[in-house]
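Below is one structure, written out as structure tokens; the observations come after it.
The values are calculated or read from the model by the stated rules, or taken from the named source; none is laboratory data. Worth saying up front: this structure is predicted, and the values here are computed from it rather than measured. Positions of Cβ are backbone-derived with ideal geometry, glycine not excepted, and every protein chain shown enters the neighbour counts. Ligands, DNA and RNA are stripped out before the accessible areas are found, and what is left, the full protein with its side chains, is counted by its heavy atoms. Shrake-Rupley method; radii C 1.70, N 1.55, O 1.52, S 1.80 Å.
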Amino acid sequence: MAPVTLNNVAKRFGAFEVVHGANIDIKDGEFVVFVGPSGCGKSTLLRMIAGLEDISGGEIAIGGKVVNDVEPADRGIAMVFQSYALYPHMSVEQNLSFGLRMTGNPKADTDRRVKRAAEILRISELMDRRPKKLSGGQRQRVAIGRAIVREPQVFLFDEPLSNLDAELRVQMRVEISRLHKELGTTMVYVTHDQTEAMTLADRIVVLRAGHIEQIGPPLELYENPDNLFVAGFVGSPKMNFIKGRIVGRDARGVLVELAGQEKTRITQPLTGTAPEVGSKVIVGVRPEHFGDAGEGDADLVVGIDVIEHLGGTSFLYARTVHGEDVVIQRDAAKVPETPEITASIRKSYLFDDKGLRLR
Amino acid sequence: MRNRNATAYRFLAPYLLIFSVFWVWPIISSFMISFQATRTVPWRFAPGFNWGRLIGDPAFFNALKNTLLILVIQVPVMIALAMVMAVLLNSPLLKARGLYRFAFFAPVVVGEVAYSAVFRLMFSLDFGIVNKLLNSIGLPKIDWFSNVTPAMALIMIAVTWRWAGYNAIILLAGMQSIPEDVYEAATLDRVSKLKQFFYITVPLLKPVIVFCTVLSIIGTMQLFTEPFLITERGGPGGGTETLGLLLYRQGFRSLNFGYASAVAYTMAALAIAITLVQLWLTREKQ
């Protein structure tokens, strides 16, 4: 087990900067997830921790020791790849023991580690099979097993579940969570799937275009996003964004009028500096923060396009009179039958025109 | 459906006709000719005439010995060399990779007569650059064309020069199909580059290596151009005569088509047998 510290870490490919001075402090035994859309630099960041990519600037420390110039094998890390990266010509047992055998580890110790990994991952009965004879989930277990036998200080996962089907993904997610509890090792996990990030992480690092947008525990990011990007990225279905304008302000907060709905005004308490009257803002409302008419701060008239029934809850895909798309979460029992409804905004977030949260 | 098949066959007919006349029929015909005494006209059916001669003919065994010698020495050396070339071509450190790839492949497209003439000049006793180089480092000149061992070495060098690059390109294609993250996983497993080559690259390339080896075996069994053009029809004194050359000598110089056909079938049978043994030895064990 070891902490991992990224101090102003940058990566450039020629003149193109893909990671802009990342600062992250990962605690000993913590499960940290890097999440963001494709091309945001999350995998590059992970590969820099692993030593598979050179660092263009800054410092990476594992267990308190700067590892910028340390070979990947000497960093005390093990990595699980998206494509599993199993050795196709070797059996499961050989895949697990290959690294240890090649480095002259005593046979008894190698056997012990392989047996333990196989037991943890419940793959003991697959030891003689080649990877092509395994299912996707089994291959993923072997890939994780190969990381376990190294007994690393830090586990690195690079989108390990993206090649699995939805059901298996949920199952493996639970397995990885269990593994973290069992081993207690520091884990750094990369994914583009915010559900995976929310369910696995102690803390999430949200990245966009090589910049860290916010770091925090999953629920904190969900309930207290720093900006429009984090607010939109974390949560499914994503937060609704409705254009608005400041029409009044006092010591306690501001009064916001929603675009195209002159009668819909929201009072938003602010502790910081309030923007000028007339400033354009964006109001963010999570699907579950819509209530029945009169329940909340302001009522919004929307036309319903599609209703998705998920069992206990339903999602109404609707449109405001101004043409903005909104998703409203309702109990299945409360699904309206009329094509137009009045939904009330019970809780909202305010962002300035640059996308920063107004608090 | 039947009608559609008939149309397809009508389109295929010109090709099938040419294939039958110039491929299938000669194969059948030469098999039948191998059972005929063709030294005198009219030819007559005499099954033991050619096949019997084959068993006791010192010229055949000389050609067979030369061919197998080239096969046993040149093919492994060439494949090993091709492997080294492929690894170098695959190296990310190499600049102007496209140029090297072309350069390694170029010998295959050079005309056989032209390259043989250049080799004869390069290895010439008094004027060749090879002997000049040997002299410059204090080694004696070698008469490449008058002694059997140097002549055989010359044939092997020429064939290797011509085909090593070709095989390297095939091996390179195989190497590039091995996913990079397998090597990254091995690097994280502290496996050295050399061990990665022997424990990952070579086993994963096995099907490609077998393919190159089988192609080379078939090519060597038919070897003709180099001993014909470089060492002047298998010289000195039949020292570099291969089965291909023996076949040519019997068929087109002595016009003994029956014996030439028997040699041709022997060559094909040997190529098939050696290839089968090779495939069996390198089969994937379950």
Counting only helices (runs of 4 or more DSSP H) entirely within the stretch B:67-168, those with at least 3 residues that are open to solvent by less than 30 Å² (accessible area, probe 1.4 Å), within 24 Å of B:Gly239 (Cα to Cα) and modelled with pLDDT under 95 are B:112-122
If we keep only residues of the stretch B:187-197 that are at the interface with another protein chain (Cβ under 10 Å from one of its Cβ atoms) and assigned to a helix (DSSP H, G or I), then the residue surrounded by the most Cβ atoms within 10 Å (Cβ to Cβ) is B:Leu188
Check on A:Ser83, hydroxyl-bearing (Ser, Thr, Tyr) and in contact (Cβ under 8 Å) with a residue 60 or more places away in the chain: yes
Here the residues within the stretch A:167-214 that are without any contact (Cβ under 8 Å) to a residue 60 or more places away in the chain, polar (S, T, N, Q) and open to solvent by less than 20 Å² (accessible area, probe 1.4 Å) are A:Gln214
Checked A:Ala85, A:Ala108 against criteria (crowded, with 20+ Cβ neighbours inside 10 Å and either among the small types (Gly, Ala, Ser) or farther than 21 Å from A:Leu52 by Cα (or both)); the one match is A:Ala85
Log entry, pairs with first residue in the stretch A:266-291 being over 30 Å from A:Ile341 (Cα atoms), second being of a type in the set (Asp, Glu), beta carbons closer than 8 Å, six or more apart or on different chains, reads A:Pro275/A:Asp352
The condition from (1) farther than 25 Å from B:Leu81 by Cα; (2) not in a helix (DSSP H, G or I) that B:Ala264 misses is numbered (2)
So is A:Phe31 open to solvent by less than 30 Å² (accessible area, probe 1.4 Å) and modelled with pLDDT under 95 or not? no
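Yes or no, residue by residue, for (1) more than 14 Å from every other protein chain (Cβ to nearest Cβ); (2) of a type in the set (Val, Ile, Thr):
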position	(1), (2)
A:Phe34	yes, no
A:Gly58	yes, no
A:Ile62	no, yes
A:Phe81	no, no
A:Asn95	no, no
A:Arg112	yes, no
A:Arg122	yes, no
If I filter the stretch B:37-46 for residues that are surrounded by 10 or more Cβ atoms within 10 Å (Cβ to Cβ) and assigned to a helix (DSSP H, G or I), do I get at least one hit? no
Given (1) among the β-branched types (Val, Ile, Thr); (2) assigned to a strand (DSSP E or B); (3) within 26 Å of A:Asn227 (Cα to Cα), A:Ile307 misses just (3)
By my count, strands (runs of 3 or more DSSP E) wholly in the stretch A:183-295 with at least 1 residues that are within 30 Å of A:Asn163 (Cβ to Cβ) are A:186-191, A:203-208, A:211-216
Residue pairs within 7 Å by beta carbon, gap of at least six or interchain, first lying in the stretch A:145-166 and within 12 Å of chain B (Cβ to nearest Cβ) and at pLDDT 90 or above, second assigned to a helix (DSSP H, G or I) and open to solvent by 10 Å² or more (accessible area, probe 1.4 Å), listed first then second, are A:Val149/A:Leu100; A:Val149/A:Arg113; A:Asp158/A:Ser43
Taking the stretch A:310-339 and keeping only residues that are at pLDDT below 85 and either open to solvent by 70 Å² or more (accessible area, probe 1.4 Å) or in a strand (DSSP E or B) (or both), one is left with A:Val321, A:His322, A:Ala333, A:Lys334, A:Glu337, A:Thr338, A:Pro339
Looking across the stretch A:219-256 at residues that are more than 29 Å from the chain's Cα centre (by Cα) and of a type in the set (Lys, Arg), the single one that is most open to solvent (accessible area, probe 1.4 Å) is A:Arg252
Taking the stretch A:259-312 and keeping residues of a type in the set (Gly, Ala, Ser) and under 30 Å from the mean Cα position of the chain (by Cα) leaves A:Gly272, A:Gly284, A:Gly291, A:Gly311, A:Gly312
